Amino acid sequence: MAPTLKSPPTLPPQVFHSGFVAIVGRPNVGKSTLLNRVLGSKIAIVSPHPQTTRTHLCGIANLESGAGKSGGQIVFVDTPGVHAGRGVMGRELLRHVRAGLEGRDLALLVSDVSRAYGREDQMALDLLRDSGAAPAAAPAFLLLNKIDLLPDKRRLLELMSAWRQRYEFAEMIPLSARTGEGVPILLDAILARLPSGPAYFPAGQITDQSQNFQISEIIREAALRRVRQELPHALAVRVESLEELPRLARIAAAIYVERDSQKPIVLGRRGEGIRQIGIEARQELEMLLHRQVYLALHVLVREAWREDRRFVAELDWRNEG
């Protein structure tokens, strides 16, 4: 008698998960570094200064299914660092944090384990709580970042215990955005919490930022590195023109400061400062645009631009005409 052939077992279909995940926390806890790490590409500039991230932006992670795991698309919403800023710019930053928390499926509150809990941590937690987060509806994870800077990992248990007294987090995950330790665990935990649903963006897209905004941010990051502690908050960058040829991109951009006395700080002695900004920015711009870049920079003074509501709004690429 011929052997009976058995049909292979029917495997359950892989479920595709998708959703929006807001990242919040005080300045310099590593939110943008984490986003860049997850995406494997730099979409958020990084510096040690508060107000480096000035608007909420999306980073899109497309995760393939395999080895018993479902695939999915995680739309991360990076937000400005929460701090007690004043004036038009300060209010605008807080507006972007609140906007980033709206409509999310999950929130990630990022803390820095190398620094003591402080007022700005409490402000971030209050914003999370006031946004209507609830473990059953829109859960929140606590990310204990920078564990690579923690000499004694047993300290994590104390920190987690203290955070439990402050808020009911769905998960607490120690990680290092700088080294990548714990990031795969985070991604698995996020996918497990997101609902099944469609991809919101095409598979090859990793951000919702316009190209002009990405260019301006790369230039601003190079300028921040150059001026260091002297005037980080007073810097703004706008792309004035972009011409893309097959092998060359011509870019003209303006770096704005608030006072005449600040202009020489950016220009440097005999123009050496702005020349170095151009050199550093051009290297990253060529990677972004995949061609050679001719970059023309100049410095303009716009008095008290951080208190100019219209100008501040124009810096957001969502308002580009």
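The values are calculated or read from the model by the stated rules, or taken from the named source; none is laboratory data. Treat the numbers as computed from the prediction; the structure is a model and nothing was measured. For neighbour counting, all protein chains shown are included, and Cβ atoms are generated from backbone atoms with ideal geometry for every residue, glycine included.
Out of all the residues in segment 266-289, is one or more under 16 Å from His233 (Cα atoms) and crowded, with 18+ Cβ neighbours inside 10 Å? Step through it out loud before you land on a result.
Here is the first cut: in segment 266-289, the ones under 16 Å from His233 (Cα atoms) are 266.
Cutting the leftovers down to crowded, with 18+ Cβ neighbours inside 10 Å gives us 266.
Taking every residue of segment 266-289 in turn, at least one turns out to be under 16 Å from His233 (Cα atoms) and crowded, with 18+ Cβ neighbours inside 10 Å.
Determine, yes or no, whether Gly118 is under 30 Å from Glu240 (Cα atoms) and either among the aromatic types (Phe, Trp, Tyr) or under 22 Å from the mean Cα position of the chain (by Cα) (or both). Please lay out each step first, then the result.
Working: under 30 Å from Glu240 (Cα atoms): no; either among the aromatic types (Phe, Trp, Tyr) or under 22 Å from the mean Cα position of the chain (by Cα) (or both): yes.
For Gly118, the condition - under 30 Å from Glu240 (Cα atoms) and either among the aromatic types (Phe, Trp, Tyr) or under 22 Å from the mean Cα position of the chain (by Cα) (or both) - is not met.
Restricted to segment 55-77, and to residues there that are buried (at least 20 other Cβ atoms within 10 Å of the Cβ) and assigned to a loop (DSSP other than H, G, I, E, B), the residue that is modelled with the lowest pLDDT is Thr55.
I need a count of the residues in segment 290-309 that are assigned to a helix (DSSP H, G or I) and either surrounded by 15 or more Cβ atoms within 10 Å (Cβ to Cβ) or modelled with pLDDT of 95 or more (or both).
Taking segment 290-309 and keeping what is assigned to a helix (DSSP H, G or I), we get 305-307, 309.
If we keep only those that are either surrounded by 15 or more Cβ atoms within 10 Å (Cβ to Cβ) or modelled with pLDDT of 95 or more (or both) as well, we get 305-306.
Qualifying residue count, segment 290-309: 2.
If you go through segment 235-265 and keep only what is of a type outside the set (Ser, Thr, Tyr) and farther than 30 Å from His290 by Cβ, you end up with Val257, Glu258, Arg259, Asp260, Gln262, Lys263, Pro264, Ile265. Only one of the listed residues (Ala199, Ala304) is closer than 26 Å to Asn36 by Cβ and aliphatic (A, V, I, L, M). That residue is Ala199.
Return yes or no: is Phe16 surrounded by fewer than 19 Cβ atoms within 10 Å (Cβ to Cβ), at pLDDT 70 or above and among the aromatic types (Phe, Trp, Tyr)? Give the steps one after another, and end with the answer.
Numbers: surrounded by fewer than 19 Cβ atoms within 10 Å (Cβ to Cβ): yes; at pLDDT 70 or above: yes; among the aromatic types (Phe, Trp, Tyr): yes.
In short, yes.
Checking each residue in segment 138-152 for being outside any helix (DSSP H, G or I) and either in contact with a strand residue (DSSP E or B) (Cβ under 8 Å, 6 or more places away or on another chain) or surrounded by 14 or more Cβ atoms within 10 Å (Cβ to Cβ) (or both) picks out Ala138, Pro139, Ala140, Phe141, Leu142, Leu143, Leu144, Asn145, Lys146, Leu150.
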